[in-house]
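Below: one structure, written as structure tokens.
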Amino acid sequence: MQIDSTQFLVIGGLIAIGIYLSVSLLARSTPDLKHGAALVVAWFTVVSVIDIALQVYQAEPHQLGILANQKAIILIGSGVMLWLAIGGIWTALTSPFKKKALKVSQA
């Protein structure tokens, strides 16, 4: 059975939310909707950027049309978007521990 990108997005997003909820429980912190939503958006960005980068990298110049001369720029931009999305995932997953540390320092 082959998984298409939409299924990969949804399944991965659900797994990411499960991991976030587990991290929140482990840190004994209340899950925050904005971090959960940011995590899902960042996951969608990772999958989409990798998909676009692979398609552009594997494409012949005639397949890219007017973007044929922009191949390197698209790949660099994809790398930047991937970096930002991974940073967003890291921020969302570490936020329960930061929130817990903030509560402990205020007490």
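A few remarks follow.
- Tilt relative to the chain, helix 33-58 - C-alpha long axis, 0 to 90 degrees, to 10: 20 degrees
- Counting lysine pairs in the chain that sit 8 or more residues apart in sequence, or on different chains, and whose Cα atoms lie under 30 Å apart gives 4.
- Cα-based helix-to-principal-axis angle, 5-26 vs the chain, degrees rounded to 10: 20 degrees
- Evaluated at q = 0.16 Å⁻¹: base-10 log I(q)/I(0), Debye formula over Cα of the chain: -0.77
- For trypsin sites (Lys or Arg not before Pro), the sites in the stretch 1-101 that DSSP calls loop and that have at most 13 other Cβ atoms within 10 Å are 28.
- Each stretch of four or more DSSP H residues adds -39500 (n - 2.57); spread over every residue of the chain, this sum gives -28500 deg cm²/dmol at 222 nm.
- A Cβ-based charge dipole, computed about the Cα centre of the chain with Lys and Arg at +1 and Asp and Glu at -1, lands at about 700 debye.
- Mean separation of Cα contacts under 8 Å, 6 or more apart, over the residue count of the stretch 5-98: relative contact order %: 41 percent
Bear in mind these aren't lab numbers, they're just calculated from the coordinates by the rules spelled out. Predicted model, so just to flag it, every value in this text is computed and none were measured. All Cβ positions, glycine included, derive from the backbone under ideal geometry; neighbour counts span all protein chains shown.
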